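Comments concern the structure below.
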Amino acid sequence: MDKKKKVKIIPGCISCGTCEAICPQVFEVRDISYVKPESRYEDHADDVDEAVDMCPVSVIQVTEEEENESNTGS
């Protein structure tokens, strides 16, 4: 089965806006940073990886999950 990469923010975001400045297609900063639900890592991999590297508190994670494990709907 194929694995899909997923972007998430773990607790500790300081709302600096770095991730959104680097990749606004994936990140949105409100009270804290959020990953836009419609975004896909594969579409913006280079920018997401740069945001991971540049995050001053290292709260952006890219994980792999099986295709059938991805969350659908709310």
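Each reported figure results from applying straightforward, stated rules to the coordinates on display, with no laboratory input. All figures in this text were calculated on a predicted structure; none of them were measured in a lab. Glycine also receives a Cβ, built like all others from the backbone with ideal geometry; neighbour counts cover every protein chain displayed.
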Compute the distance in nm between two label points, each set 7 Å from the Cα along the Cα-to-Cβ direction, one at GLU28 and one at LYS3. 3.0 nm
For SER58 and GLU38, what is the calculated FRET efficiency with R₀ set at 35 Å and r taken between the beta-carbons, to the nearest 0.05? 0.90
Applying the gyration tensor rule to the Cα atoms of the chain (axes a ≥ b ≥ c; rounded if a/c under 1.5, else prolate if a/b exceeds b/c, else oblate), the class is prolate
